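See below for the structure under consideration.
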Amino acid sequence: MSGGDGAVAVRATAEGLVFQIKVLPRSSKNALAGPHDGALKVKLTAPPVSGAANRMCVAFLARQLGMPKSSVEILSGLTGRNKEIRVRWPQESPTVEDRRRLAGAVRALWEAAGE
C-alpha cells in the first residue's frame with residue numbers, strides 16, 4: 001500500500017504490517033502530522049528520555065488503530081526519531097478479512113494525517 005508524493009509505504013509480512021514513522025517528541029499535542037519522506041510523521045508530547053516517547057508512540061498508534069498496545073511494536077529506531085513499526089495481525093493465521101481490516105485501519109492513519 002503506497003501512493004503518490006510523500007506517501008507512506010506499508011508492507012505485509014507473515015507477522016503483520018510494517019511501516020516507517022518519524023517521531024517529533026516534545027510536541028504540544030499527540031497527533032498524526034502527515035507523510036514525510038516515505039514515513040508517517042507522529043507528534044508526541046513525551047520527551048525522548050528513558051523510553052517515554054517510545055512508550056507513548058506505541059500507545060498512541062495502538063489507540064489510533066483501535067488495537068491493543070501489544071499489537072504494535074517498534075522494530076528499529078528505539079534511540080532515534082526514525083522508527084520502523086510493525087502492527088501484528090490479530091491472530092497467528094489471519095484470515096483475508098483480518099488482513100483487510102488491519103490494512104484499512106492503517107490506511108485510515110494516512111488519511112487522518114493528510115487532513
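The values are calculated or read from the model by the stated rules, or taken from the named source; none is laboratory data. Values in this document were obtained by computation on a predicted structure and should not be read as measured data. Reconstructed Cβ throughout: ideal geometry from the backbone, glycine too, with neighbour counts over all protein chains shown.
Structure notes:
- Selection count, the stretch 68-97, where residues are surrounded by 14 or more Cβ atoms within 10 Å (Cβ to Cβ) and more than 15 Å from the chain's Cα centre (by Cα): 2
- Residue that is nearest to the chain's Cα centre (by Cα) [pool: residues in the stretch 43-67 that are surrounded by 20 or more Cβ atoms within 10 Å (Cβ to Cβ), in contact (Cβ under 8 Å) with a residue 24 or more places away in the chain and closer than 19 Å to GLY114 by Cα]: LEU61
- Scanning the stretch 69-115 for residues that are in contact (Cβ under 8 Å) with a residue 60 or more places away in the chain and charged (D, E, K, R), we see that the one that is nearest to LEU44 (Cα to Cα) is LYS83.
- Residues in the stretch 1-25 that are of a type in the set (Asp, Glu) and modelled with pLDDT under 90: ASP5 only.
- In the stretch 43-60, of all residues being out of contact with any strand residue (DSSP E or B) (no Cβ under 7 Å at 6 or more places or on another chain) and part of a loop (DSSP other than H, G, I, E, B), the one that is nearest to VAL72 (Cα to Cα) corresponds to GLY51.
- Test: residue in the stretch 26-42 that is outside any strand (DSSP E or B), modelled with pLDDT under 95 and either surrounded by fewer than 18 Cβ atoms within 10 Å (Cβ to Cβ) or touching a helix residue (DSSP H, G or I) at 6+ places or on another chain (Cβ under 7 Å) (or both): yes
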